[in-house]
Amino acid sequence: MRSIFGFLIGVFVGWLVGSTLALLFAPTSGEKLRQELRARSNNFLTEIKSAAEARRQELEKQLAELRAPRPPAASA
C-alpha cells in the first residue's frame, strides 16, 4: 500500500513540476496554455479516478472470495 501511495505522490509532484516548467517555457499564449493545462489536469484526474475504481473493484472481488465459505477438507 505504501508503494502505491508513494507512486501516486511521485506522479502528482511530477505533474506539478512539469506544469510549472511548461508555464515558464511555453511559446504559446498564457490563456491558451491555461486551457490546455486545465484540460490535461481534468484528463489526469479522470484517469486516476478510473484506475482507483478498477483497483477498488479488484480488491472487493478478492475480499468476497476470502469471505466465501470453503468446503471442508477431506480427511485421510
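What follows is calculated from the coordinates using simple rules that are stated; it is not laboratory data. All of these numbers come straight from a predicted model, not from anything done at the bench. All Cβ positions, glycine included, derive from the backbone under ideal geometry; neighbour counts span all protein chains shown.
Things to note:
- Leading residue at positive end of dipole, the chain (Cβ point charges), from T28, F12, A68: A68
- Counting only alpha carbon atoms, the long axis of helix 30-67 and the longest principal axis of the chain meet at about 0°.
- Read-out Cα extents along the principal axes in Å, derived from the coordinates shown; its label in (1) 30, 24, 18; (2) 53, 33, 16; (3) 77, 20, 13: (3)
- Taking each residue as 0.36 nm, the span from L21 to F44 lengthens on full extension beyond its C-alpha to C-alpha distance by 6.5 nm.
- For the chain, the dipole from Cβ point charges (+1 on Lys and Arg, -1 on Asp and Glu) about the Cα centre works out to 120 debye, to the nearest 20.
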